[in-house]
1. Do the conditions hold for ASN67, that is, is it more than 17 Å from GLN7 (Cβ to Cβ) and out of contact with any helix residue (DSSP H, G or I) (no Cβ under 6 Å at 6 or more places or on another chain)?
2. Out of (1) part of a strand (DSSP E or B); (2) modelled with pLDDT of 90 or more, the odd one out for GLU86 is which?
3. Test PHE99 against the criterion of being crowded, with 17+ Cβ neighbours inside 10 Å and not in a strand (DSSP E or B), and give yes or no.
4. How many of the residues making up the range 57-83 are among the hydroxyl-bearing types (Ser, Thr, Tyr) and modelled with pLDDT under 85?
5. I'm trying to understand the selection: among the residues of the range 64-79, which are part of a strand (DSSP E or B) and surrounded by fewer than 13 Cβ atoms within 10 Å (Cβ to Cβ)?
6. Just need a number here: residues in the range 10-22 that are exposed (fewer than 15 other Cβ atoms within 10 Å of the Cβ) and either under 16 Å from the mean Cα position of the chain (by Cα) or of a type in the set (S, T, N, Q) (or both).
7. Just give me the residues in the range 102-123 being within 17 Å of GLN36 (Cβ to Cβ), of a type in the set (Val, Ile, Thr) and either modelled with pLDDT of 65 or more or not in a loop (DSSP other than H, G, I, E, B) (or both), in sequence order.
8. List pairs: first residue in the range 57-74 and within 18 Å of GLU18 (Cα to Cα), second residue of a type in the set (Asp, Glu) and not in a strand (DSSP E or B) anywhere in the structure, Cβ distance under 8 angstrom, at least six positions apart or on different chains.
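The values are calculated or read from the model by the stated rules, or taken from the named source; none is laboratory data. Keep in mind that what you see is a predicted model, and the values were worked out from it rather than measured. All Cβ positions, glycine included, derive from the backbone under ideal geometry; neighbour counts span all protein chains shown.
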Amino acid sequence: EIQLLIQEATTMVKNEGETVLLQCTYSTTASYYYLQWYRHYPGKQPEYAIGRYSADQNQYRGTGFGNRFFAQLQESNSFTSLSISELVVSDSAVYYCAFSLTTVIDCTGNSAETTITSHQPVS
């Protein structure tokens, strides 16, 4: 289970086209877990951006979050980071890191068309 999750509160000012690196440290006794990053625009719901699962090296990106978003997970250092490259104005938002032991799968649609979206819950 999670024992500690720390994300330093910072304000960063960058120019379009630059890269930003956000960092988060954690402590856990769990063997398998997800660390995720969420983007939050004022007045809107936070949206799942990207996450990493401790058991593999895959990037699990949310809808609309392309290769400019890269999450790193360093289990040996209990550290995760989010890198956003080639910044654009719409990247301006509040970003949160989150920890979970499970994943959530939402299914919507009818018999003709079903959309399945997998995302991590906010802890």
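1. yes
2. That leaves (1) as the condition not met.
3. Spelling it out, it is not the case that PHE99 is crowded, with 17+ Cβ neighbours inside 10 Å and not in a strand (DSSP E or B).
4. Looking only at that region, the number is 1.
5. GLN74
6. Number of matching residues: 6.
7. THR102, VAL104, ILE105, THR117
8. Final answer for the pair search is ARG68/GLU86.
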